[in-house]
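J.: For reference, the structure I am asking about is given below.
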Amino acid sequence: MDELMMRRLAVIKQLYNQGLNQSYDSEPMNGFCLLSFHDSVEMFMKLCLEIRGIRKDPSFTFYDHFNKIPDLQCKTTMFNLNKKRVALKHDGSLPSLLDIEISRTNVTDFFNQNTPIFFDIQFSEISLVSLLKYESVKEYLSKSLNNLKDNDFENSIINSHIAFKELFFCYKEDKYIGNYFEGNQDIISYSGDLNTSNEMERCIDQIKESFSNIDDIIEILGLGIDYKKYIKFNILSPYIKRLQGELEIRNGIVVEKVKSKREYKFNIDKRVKSNERNSKFCFDFVIDCALKLQNFDFEINELLKS
């Protein structure tokens, strides 16, 4: 399969994932998952028509896909999905929780059955990594995905967290905007020459740490990342430190000068449960963050003179 085809499948899977997330929202907003589910299924069927060389005329309907492609599975359940979608979009009829659960199961089954038939891969093997912008992020996420397939959950979590760090480094370097998110590092200073007690020193250290935590929170929220998911992701994090590189001044801002690939060292937190569920959560979280940053993106040369 060529890269373009994989990217198109990745877009379909992302739309399916969007519906999956919407299906767990509170009522009545969870009902809109039917629209995302239906769109992902329809896009998939159009792709199946294309690879089979079947021309689609203007009068082609959702139901015609199954007539033109006899080996397309799950005809009955997809007809039911279409009826629920029409009832929601055109009649304003909100689906019940049971309708949503059934649709979620049926659409998942549709992709799991049909993807191997038409594309010779499992639906779970379609990677959203191909949609990402930064090569270093894609590299570490590819490693994480391979670790996940090999049941090496510990290294999968490590590579997902390194990918997350790479994502922020790349995004800031690309835009030169690190100073927009960093707080004032000189708010609290301590020379060590003051005649303070040990209690005062500890108090100052705690205040400095608190400001550092606030900076992290502002950065995460400012970039539109789900903070509750970030908390879970952070709990699963090993201790990761990037090896310091050289610095240079660029546009009046001190930035990291990277001569070669960034390197990291890490220590495993043995309290973390390195299992498939937690590994997959970390991988999906980084993918979601990367796609959100790309959702509103801009080129720095569109704003600043060179």
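Bear in mind these aren't lab numbers, they're just calculated from the coordinates by the rules spelled out. Keep in mind that what you see is a predicted model, and the values were worked out from it rather than measured. Counting neighbours? That spans all protein chains shown, and the Cβs are built from the backbone with ideal geometry, glycine included.
J.: Could you pull out the pairs from Lys13/Lys56; Lys46/Lys133; Lys13/Lys75; Lys56/Lys138 whose alpha carbons sit more than 30 Å apart here?
T.: Details: Lys13/Lys56 23 Å; Lys46/Lys133 26 Å; Lys13/Lys75 20 Å; Lys56/Lys138 35 Å.
Pairs exceeding 30 Å: Lys56/Lys138.
J.: Rounded to the nearest 0.05, what FRET efficiency do Tyr63 and Asp2 have when you use their Cβ-Cβ distance and R0 = 41 Å?
T.: For Tyr63 and Asp2, the calculated efficiency is 0.85.
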